[in-house]
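In what follows, a single structure is set out as structure tokens and then discussed.
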Amino acid sequence: MARTRLALLGPPGAGKGTQAKRIVEAYGLLHLSTGDILRDEVARGTDLGVSARSFMDRGELVPDDLIVDMIRGRIESAASGFLLDGFPRTAPQAEALEGISSLDVVISIDLPRDEVVKRLTARRVCVDCGQIYNLAFRPPSNPETCDACGGRLIQRDDDKEDVIQNRYDVYKASTAPLIAFYRARGLLEEVDGMMGSDGVFERIQELLAG
Ligand code: AP5
């Protein structure tokens, strides 16, 4: 695959994390999820985690300068390619990224608000390996235990319905404009997130092969 610098766009719950795991395994890219990095900072109680937490708990975006400082070095050292998941999320972040690295393709996965709420209220995540489940669409054998590693499954703090609704509004206001930004640069590919996980992944593989 010639395209090794990828970014995923899409509303909360569109399946970015689910597809990111499959893409990086298949193509040997570094998975850079700003949400996962921030949750790790919060769990470790770092200065960044303490600053970020109140924004995340409300479903608001963490300030651009903190995010760009956090991700810059990781992108620069991803020599064999990267998949950005959750970054960029604002016009200033997209502009900052242009000063760090170019992109080969931006894949936008779309999903309507009612499906976002349905998916995220049923999401469970493994505290140990990060495997993502869904009690409705991809249930684990035991609702409290990860099938992959036996770790404990939890509900994310920001997967409460009022916070999900705000995250969707924030996506529409701040991140959705990046679709036009990347279309204008000839980098955008769009995928319908309503397909099942396998259907979305097949479509992404077709795009990356093309
Ligand atoms: P982040 O962690 O990036 O969250 P998000 O973008 O809201 O996305 P999610 O992780 O909720 O959803 P996803 O698209 O990955 O869906 P998933 O694959 O899990 O960000 C969290 C917070 O951090 C932000 O609110 C902000 O505060 C901060 N932040 C992060 N990046 C930032 C940035 N750049 N700037 C500023 N602030 C930032 O799937 C969802 C569920 O659906 C799962 O249960 C899954 O099993 C299921 N599912 C997936 N695909 C399918 C399918 N095709 N069919 C049926 N079910 C499916």
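The values are calculated or read from the model by the stated rules, or taken from the named source; none is laboratory data. These numbers come from a predicted model, not from an experiment. A quick note on method: Cβ atoms are made from the backbone with ideal geometry, for glycine too, and the neighbour counts reach across all protein chains shown. Just so you know, the surface numbers come from the protein's heavy atoms only, side chains and all, with ligands and any DNA or RNA stripped out. Shrake-Rupley method; radii C 1.70, N 1.55, O 1.52, S 1.80 Å.
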Problem set entry | Net lengthening on full extension, residue 195/residue 79 (0.36 nm per residue, minus Cα-Cα) | 38.5 nm
For this session: Go ahead and run the numbers for FRET between residue 145 and residue 91, Cβ-Cβ distance against an R0 of 30 Å, rounding to 0.05.
Result: 0.10
Seminar exercise, completed: Excluding ligands, DNA and RNA, the carbon-plus-sulfur percentage of the accessible area of the chain with a 1.4 Å probe reads 48 percent
Problem set entry | Within the chain, helix-based [θ] at 222 nm, where runs of 4 or more DSSP H residues each add -39,500 (n - 2.57), nearest 500 | -13500 deg cm²/dmol
Seminar exercise, completed: Taking r as the C-beta separation of residue 165 and residue 137 and R0 as 22 Å, the FRET efficiency to the nearest 0.05 is 0.65
Exercise. If you take the Cα atoms of the range 59-210, find Rg, then find the Kirkwood Rh from the mean of 1/r over all pairs, what is Rg/Rh?
Worked result: 0.97
For this session: With 5 Å bins from zero, work out the P(r) of the range 145-210 over every alpha carbon pair and list the percent per bin.
Result: 3, 12, 11, 13, 20, 19, 12, 6, 2, 0
Exercise. Under the Karplus relation 6.51 cos²θ - 1.76 cosθ + 1.60, θ = phi - 60°, what is the ordered set of whole-Hz ³J(HN,Hα) values for the range 165-176, x standing for Gly and Pro?
Worked result: 4, 5, 4, 5, 4, 5, 4, 4, 6, 9, 9, 4
For this session: Calculate, in nm to one decimal, what residue 184 and residue 100 gain on full extension: separation in residues at 0.36 nm each, minus their alpha carbon distance.
Result: 28.3 nm
For this session: At 0.36 nm per residue, minus the direct Cα-Cα distance, what do residue 155 and residue 51 gain on full extension? Give it in nm, one decimal, please.
Result: 35.3 nm
Exercise. Excluding ligands, DNA and RNA, what is the solvent-accessible area per residue of the chain at a probe of 1.4 Å, expressed in Å²?
Worked result: 48 Å²
Seminar exercise, completed: Using alpha carbon positions and the Kirkwood radius, the Rg to Rh ratio of the range 1-127 is 0.95
Exercise. If you take every DSSP beta bridge whose two residues both sit in the chain, what share of them, in percent to the nearest 5, is antiparallel?
Worked result: 30 percent
Exercise. Using the Kirkwood formula over every pair of different C-alpha atoms, what hydrodynamic radius in Å results for the range 1-73?
Worked result: 13.6 Å
